[in-house]
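Novice: The structure follows.
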Amino acid sequence: VQLQASGGGLVQAGGPLRLSCAASGSIFSINVMGWYRQAAGKQRELVATITSPGTTVYADSVKGRFTISRDNARRTVDLQMNSLKPEDTAVYYCNLLFPVGGKDYWGKGTLVTVSS
């Protein structure tokens with residue numbers, strides 16, 4: 001399984017940015033896709049996840065601003081980020097988890113920088 005993320009960059013505070021992640025390889029239909037982030041000097045943290053049927057979970061810090069979505073046919077997961085804040089600056093990682101067996105995969109991170 002490989003995950004390819006794209007869409008990071010530099011944006012001004014208050015602006016939007018959209019991240020996308022495409023999965024390839026042998027992917028079981030029951031899975032959870034998500035986005036995590038790691039700011040400089042901090043631990044990696046959950047941003048949002050979405051199950052294959054579409055149930056979502058968001059970190060409190062992004063609720064109401066970020067929206068996660070997926071396209072099962074295209075094997076993609078997107079993260080629409082609105083009203084970005086400087087504290088959203090981090091490397092964002094795409095994740096794919098197979099709940100049966102617990103194996104998960106990570107994509108290479110994409111840097112999001114929000115300027116004040």
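Novice: What number of residues within segment 54-76 are open to solvent by 20 Å² or more (accessible area, probe 1.4 Å), outside any loop (DSSP other than H, G, I, E, B) and of a type in the set (A, V, I, L, M, F, W, C)?
Specialist: 1
Novice: Tell me the residue from GLN43, GLN12 that is out of contact with any Leu (no Cβ under 9 Å at 6 or more places or on another chain) and either without any contact (Cβ under 8 Å) to a residue 60 or more places away in the chain or not β-branched (Val, Ile, Thr) (or both), please.
Specialist: Among GLN43, GLN12, only GLN43 is out of contact with any Leu (no Cβ under 9 Å at 6 or more places or on another chain) and either without any contact (Cβ under 8 Å) to a residue 60 or more places away in the chain or not β-branched (Val, Ile, Thr) (or both).
Novice: Taking segment 67-116, which residues are touching a Lys or Arg at 6+ places or on another chain (Cβ under 8 Å) and closer than 15 Å to SER6 by Cβ?
Specialist: THR76, VAL77, ASP78, LEU79, GLN80, MET81, VAL91, TYR92, TYR93, VAL112, listed by residue number.
Novice: Can you report the number of residues in segment 82-97 which are of a type in the set (Val, Ile, Thr) and open to solvent by 80 Å² or more (accessible area, probe 1.4 Å)?
Specialist: 0
Novice: Ok, one more. Only residues that are at pLDDT 95 or above and of a type in the set (Gly, Ala, Ser): list them for segment 55-83, please.
Specialist: ALA59, SER61, GLY64, SER69, SER83
Novice: Step by step: first the residues of segment 28-53, then only those that are open to solvent by less than 40 Å² (accessible area, probe 1.4 Å) and outside any strand (DSSP E or B), then the one that is nearest to VAL91 (Cα to Cα). Which residue is that?
Specialist: Only one residue tops the list, namely ALA39.
Novice: Among the numbered criteria (1) in a strand (DSSP E or B); (2) among the hydrophobic types (A, V, I, L, M, F, W, C); (3) open to solvent by 20 Å² or more (accessible area, probe 1.4 Å), which single criterion is violated by LEU79?
Specialist: All conditions pass for LEU79, except number (3).
Novice: Right, another one. Considering only residues that are touching a residue at least 40 places away in the same chain (Cβ under 8 Å) and among the charged types (D, E, K, R), which ones fall in segment 54-86?
Specialist: Those that are touching a residue at least 40 places away in the same chain (Cβ under 8 Å) and among the charged types (D, E, K, R): ARG74, ARG75, ASP78, LYS85.
Novice: Now for a separate question. Please count how many residues of segment 87-107 are part of a strand (DSSP E or B) and free of Cβ contacts under 8 Å to residues at least 40 places away in the same chain.
Specialist: The number of residues fulfilling the criteria is 2.
Novice: Another question about this same structure. Just to be sure, is ALA23 open to solvent by less than 60 Å² (accessible area, probe 1.4 Å) and touching a Phe, Trp or Tyr at 6+ places or on another chain (Cβ under 9 Å)?
Specialist: Taking the combined requirement at face value, the residue satisfies it.
Novice: What is the number of the single condition among (1) open to solvent by 50 Å² or more (accessible area, probe 1.4 Å); (2) modelled with pLDDT of 95 or more that VAL100 does not meet?
Specialist: Among (1) open to solvent by 50 Å² or more (accessible area, probe 1.4 Å); (2) modelled with pLDDT of 95 or more, VAL100 violates only (2).
The values are calculated or read from the model by the stated rules, or taken from the named source; none is laboratory data. What you are looking at is a predicted structure, and each value in this text was computed from that prediction instead of being measured. Note: ideal-geometry Cβ built from the backbone for every residue, glycine included; neighbour counts use all protein chains shown. Remember, those area values only see protein heavy atoms, side chains included, never the ligands or the DNA or RNA. Shrake-Rupley method; radii C 1.70, N 1.55, O 1.52, S 1.80 Å.
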